[in-house]
1. For region 29-185, with only Lys/Arg (+1) and Asp/Glu (-1) charged at the beta-carbon, what is the dipole magnitude about the Cα centre, in debye rounded to 20?
2. Rank 192, 161, 64 by mean-square fluctuation in a GNM of the chain with C-alpha springs under 10 angstrom and give only the top-ranked residue.
3. Counting only protein chains, not ligands or nucleic acids, how are 44, 158 ordered by accessible area (probe 1.4 Å), most first?
4. DSSP loop (so not H, G, I, E, B), at most 10 other Cβ within 10 Å: list which chymotrypsin sites (Phe, Trp or Tyr not before Pro) in region 23-131 pass both filters.
5. How big is region 88-212 on each of its three principal axes, counting only the C-alpha atoms and giving the largest first in Å?
6. Using every pair of alpha-carbon atoms in region 1-71, split the distances into 10 Å bins beginning at 0 and state the percent of pairs per bin, rounded to integers.
7. Pick from 124, 14, 167: which residue has the top mean-square fluctuation in a GNM of the chain where Cα pairs under 10 Å get a spring?
8. So, in nm, how far is label residue 209 from label residue 176 when the simple model puts each one 7 Å beyond its Cα toward the Cβ?
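The values are calculated or read from the model by the stated rules, or taken from the named source; none is laboratory data. Only a predicted model underlies this, so the values are computations on that prediction, with no experimental measurement involved. Cβ sites come from the backbone with ideal geometry, for glycine too, and all protein chains shown count toward neighbours. We work out accessible area using only protein heavy atoms, side chains counted, and drop any ligands, DNA or RNA first. Shrake-Rupley method; radii C 1.70, N 1.55, O 1.52, S 1.80 Å.
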Amino acid sequence: MKIAIINETSAADKNSAIMAALDERGHTIINAGMTESGANPELSYIHTGLLSAMLLNLQRVDFVVGGCGTGQGYLNSAMQYPGVFCGHILNSLDAWLFTQINGGNCISLALNQGYGWAGDVNLKFIFDRIFSVERGGGYPPHRAEPQRLSRNTLENISELVHQPFAKIIDILPDEILHPVLTYPGVMEIIDVETIADRNLNEAFQRRLAKLA
């Protein structure tokens, strides 16, 4: 699995703990967010929610690990976009149930509130449980089929109620989009020239032309 870690400014100092908790699990890790406080440009949860949606909609990653101080701001930011199904994960049981029942592609961690002694251990336990079960397998087992139908319905609703992602890239204000596009390493991950979807490719090209 290809996983992006996308920290925002208030939780930049937890980046190394998340990296360590994901180490040696056999996944490809893309460290796409803030790795230290005070980096420029500074990414708030508004920006990291958008970056998460970009990487998922462009199929650059399969899963995103994000969060903020409480996990609530990032959760709400990421869920404004199509194709993002995010859970607020505080402990290993949350992780275990979210993976099986909701089968999402993004999690939001509380990285300041309640993050105290053994917080790094809690992160390891969370990832132990996320990767221990089948995504969308259902729990309890007799609820697997209705839960699968509900997930499919939610995906259809997301597609119906959101604008196409190319249109979103076209209309986002500069102050939201530009910090994300100019953050070190992001353009290499996005790799605009290889975006197969013509509408998405052209939308990114238009916005990049404004930055030139």
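1. Dipole magnitude for region 29-185 comes out near 420 debye.
2. Of the options given, 161 has the highest mean-square fluctuation.
3. The most accessible residue leads, giving 44, 158.
4. 117
5. For region 88-212, the Cα extents along the three principal axes come out at 51, 40, 24 Å.
6. Cα pair-distance distribution for region 1-71, in percent: 22, 54, 23, 0.
7. Comparing 124, 14, 167 in a Gaussian network model of the chain, the most mobile one is 167.
8. Reported label-point gap for residue 209 and residue 176 is 2.2 nm.
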